[in-house]
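Visitor: Encoded as structure tokens, here's the structure I'll be asking about.
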Amino acid sequence: MSLTLKGWLETEPVNSQPISLKVTLTHEGVRQCKGVPWLENHVKVARDGNGYIDTITDGNELNYMASFFYTLGAHAFIEEPQELIEKICYHAEETLRHYKNEAGTKDE
């Protein structure tokens, strides 16, 4: 028996841990989020080109979301959930530690 994409999607659990995702986006943040399949339908654009996301998503995907939104830098401001904010801050701290350690070893 062959499984179609539609059939597979219907068998996958959706929002097994639903959480609220609220994000304010700059014009560049809107552009980048519109190009991402799991976000494109949730991006609302204002007249000035900035936008926001206000949706329910799967809390089991917080690590993935943190990696994605971290790459947007100041083009995305997470309002909630707090756990996502904390994960993004952790990514930033790890990156800073990485480069500080690398800079210290190159001088030697």
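Visitor: Given a Förster radius of 35 Å and the C-beta distance between residue 50 and residue 4 as r, what FRET efficiency does 1/(1 + (r/R0)^6) yield to the nearest 0.05?
Guide: Once rounded, the FRET efficiency stands at 0.35.
Visitor: In addition: List the residues whose amide H sits under 5 Å from the amide H of residue 80, counting only those 5 or more places along or on another chain, with H placed 1.01 Å from N in the peptide plane.
Guide: So residue 80 has HN proximity to 22.
Visitor: On average, how much area does the Cα convex hull of segment 10-78 cover when viewed from any direction, in nm²?
Guide: The directionally averaged projection comes out at 4.6 nm².
Visitor: Next up: Based on the Cβ-Cβ distance of residue 40 and residue 93, what FRET efficiency does E = 1/(1 + (r/R0)^6) give at R0 = 22 Å, to the nearest 0.05?
Guide: E between residue 40 and residue 93, to the nearest 0.05, is 0.15.
Visitor: Within 10 Å of each candidate Cβ there may be at most 14 other Cβ atoms; applying that plus a DSSP loop requirement, which chymotrypsin sites (Phe, Trp or Tyr not before Pro) in segment 18-78 survive?
Guide: 38
Visitor: Enumerate the calculated ³J(HN,Hα) couplings along segment 42-57 in order (Karplus 6.51 cos²θ - 1.76 cosθ + 1.60, θ = phi - 60°), each rounded to whole Hz, writing x wherever the residue is Gly or Pro.
Guide: 9, 7, 9, 10, 7, 4, 7, x, 6, x, 7, 10, 9, 8, 9, 9
Just so you know, all these numbers are worked out from the coordinates, no wet-lab data involved. Here the structure is a predicted model, which is why all the values come from computation and not from measurement. Using ideal geometry, Cβ is built from the backbone for each residue, glycine included, and neighbour counts are taken over all protein chains shown.
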